[in-house]
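Throughout, read-outs are computed from the coordinates displayed, never taken from laboratory work. In this text the structure is predicted, and so the values were computed from the model without any measurement.
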Amino acid sequence: MKSILWFTLFCLLPLISSAAPELSGSPHELSQYLLDQRRIINIHGEAEKKVEADTAIVTISVKTKESQLKLALQKNEDIRKNLKEKLVKAGISEEKIQSSKFSSTPNYGWIKDKPKNYEVSNEVKISITNETQLQAIAKLVDSQKEVFLGATDHEDSAKEDNKLEALEAALNDVQRKRALYEKNLGINLKPVRISNQNVYEQKTMVRHRAVQQASEGAYLSSQSADVAMEPPAQPSSDFGSITYKANTSIEFITN
């Protein structure tokens, strides 16, 4: 009888071993597999922080056209130099006035062996901190036909700190919800991983009257009377607002 029982067990061993799932992979993959087999609760948190922009970046372009490339380049440089001098008088420091993109375009006539003239364009980015400085830029755009207003953006000098504060508020939101679950369900939750995390910014622009007039504006002749530049009086940071929105999802397991 015993010999028959041992023989039966010997025959069943391969079937018993094959019934168990085979686990393979790296230690990290195995730990994730085992974690996924436990009871997981995903808690989502979100928050936002709204601040006033304290810096505006105004882009203007200087476009000159002459029969010779050298003349177009020289004229462009002279105009930008004159602009910088007037902007400095208006209270904008030199390091806040930076030339960026540059391009030169030859314009051909009917006979294309030689250009009839050259157009040179150079972008200038100006960082300002109050509306008086913005009005000074608008006056310069209106006073010279070679100067055009481009995009206006605004920034927050404490951007990184405010993004962290928004994220911290989102994490606090997760903690409040975690405490609510633990209290009402009588469970203990242990954080195991972050499944999602994101912080982005949303800007609300302010359309200033000075910018509106400059963008629509009838450009005067470059021979017109010089524009009187006044130093900024009362600082203003009314460039618009920036809202930092943060969201995160934390996975917890029940102890």
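Given K84/K139; K86/K139; K96/K125; K63/K89, which pairs have Cα atoms separated by over 19 Å?
Over 19 Å apart, Cα to Cα: K63/K89.
Rg/Rh for the stretch 86-170 to two decimals, with Rh computed the Kirkwood way over all alpha-carbon pairs. Don't jump to the answer; show the numbers that get you there.
Numbers: Rg = 19.6 Å, Rh = 16.4 Å.
Result: Rg/Rh = 1.19.
So which lysines can K177 reach, going by Cα to Cα under 30 Å and dropping same-chain residues fewer than 8 places off?
K49, K50, K159, K163, K190, K203, K245
Over what distance in Å are the Cα centres of the stretch 87-117 and the stretch 127-141 separated?
21 Å
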